[in-house]
Structure formats: C-alpha cells, structure tokens
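Reading through the structure tokens given below for one structure.
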Amino acid sequence: MRRVLTLVGDEFEKACGKLSQMVVSDGFTPDVIIGIKSGGDVIGKAIAAYFPGACYASVSASRPGSSAKRRNVSLLSKLPYFITNPMRIVESYLLSIFEHGDSERDVVMELSEKCHNLLNKSGCKVLIIDDAIDSGATLRQVKGKLLGMFPECCCKSAVITVTTSSPVEIPEFRLFSNKLIRFPWSTDLRR
C-alpha cells in the first residue's frame, strides 16, 4: 500500500532546498520562476530565494472539483491520519483511472511588467513550480499557455512529487515519484 509523507516545518524547508539544489546542479539558472497557486506558489517563493536574480510570477490553474475539496477543509483537518491517509490513496487511485490529463483548467497568469519583458526575450529561461503532479494536466496547460504567449522561452518544471506512474507532462526536476505528500496547506493536515 502507498504511504503518505507529511512535509511540514523543517522537513518542508529541507525539501524545497533539495529541489532547488537539483535545479542548480543541472546548471539551469531561471530568468523567471512561475509558481502554480496555491502549493506551487509557496514552493516557488522558497525556491526563488536560491535565484535572487530571477523575476517571480504566479499562475492559477483551477481544475474541476477543487471547490468541493475546499468546502470540506474543517472536517478533514480534524480527522486522524489513519482515516485521511487511505482517503488520499483512494483519491490518487481514482485520479489515475479517470483523469487522463484532458480536463480543462482555467489558467490565469499574473505577470509584472518586468517578468513580461523578460519572457518576451528569446531564450528566456523559465522554471515552472508546482507542489504535486497527478495527471500532469495542470502543468501541461500552464506550460502550453506560457509557450503560446512567449514561444521563444526555454521552460523546465520542478515539483516535490509526481503521484502517478504516467502523467501527461513529466517535470524535469522532482524529489519523489509515486509518493503522496501532505503539505503545510493540505486540507487534511492536523492543525
């Protein structure tokens, strides 16, 4: 059975540091870092500290069903992990069966003038950050929109975990594969 790893406090900070180091070790120095809200935005800002010259931007990409999950936050955060861990595993399993990366997301980019100008330059290096990839549809659609707007960019992506075995978009940098992670912002984190 799959396990759920909880990354909060120092463990979360260490994970962001390790992910940053993977990017540094690859020799990829981003001009622009884009965090996918909400979890990817938190990780993106942590990683941006390792690249002080990079411009930071956020993007939101909502998938169907996200609002239902948010409505149950108060209940989920009160349940013990021996109940919520199996719920996460079942959710991940259902996503792997039913979501094949084709559901549309509403992608909205929040770009400052500085970021916009950098993205317009040929060869601009962009690092897209998210917390976790299930189907890969969010990353694919964010990357597609970015390259549609700025086709001369060189994009790479980084995540803490890829939860399924065959997402439609695979990030260049990831700490975990086939691992479910409970983050500081997770709805089922015991508060």
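Exactly one of (1) at pLDDT below 95; (2) within 30 Å of PRO80 (Cα to Cα) is unmet by VAL168. Its number? So VAL168 meets the others, but not (2).
Scanning the stretch 98-112 for residues that are part of a loop (DSSP other than H, G, I, E, B), modelled with pLDDT under 85 and open to solvent by 50 Å² or more (accessible area, probe 1.4 Å) yields a total of 3. Among the residues of the stretch 133-152 satisfying the criterion of being open to solvent by 20 Å² or more (accessible area, probe 1.4 Å) and assigned to a loop (DSSP other than H, G, I, E, B), which is nearest to LYS45 (Cα to Cα)? Among those that are open to solvent by 20 Å² or more (accessible area, probe 1.4 Å) and assigned to a loop (DSSP other than H, G, I, E, B), it is ASP134.
Rundown of residues vs (1) at pLDDT 90 or above; (2) under 22 Å from ALA158 (Cβ atoms); (3) part of a helix (DSSP H, G or I), yes/no style:
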{"residue": "LEU5", "(1), (2), (3)": "yes, yes, no"}
{"residue": "CYS16", "(1), (2), (3)": "yes, yes, yes"}
{"residue": "ILE33", "(1), (2), (3)": "yes, yes, no"}
{"residue": "ALA61", "(1), (2), (3)": "no, yes, no"}
{"residue": "ILE89", "(1), (2), (3)": "no, no, yes"}
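So which residues in the stretch 19-54 are touching a residue at least 12 places away in the same chain (Cβ under 8 Å) and among the basic types (Lys, Arg), if there are any at all? Scanning the stretch 19-54 gives a single hit, LYS37.
The values are calculated or read from the model by the stated rules, or taken from the named source; none is laboratory data. Since the model is a prediction, treat every value here as computed from it, not as a measurement. Here the Cβ is made from the backbone with ideal geometry for all residues, glycine too, and neighbour counts use every protein chain on show. Surface accessibility is based on the protein's heavy atoms, side chains included, excluding ligands, DNA and RNA. Shrake-Rupley method; radii C 1.70, N 1.55, O 1.52, S 1.80 Å.
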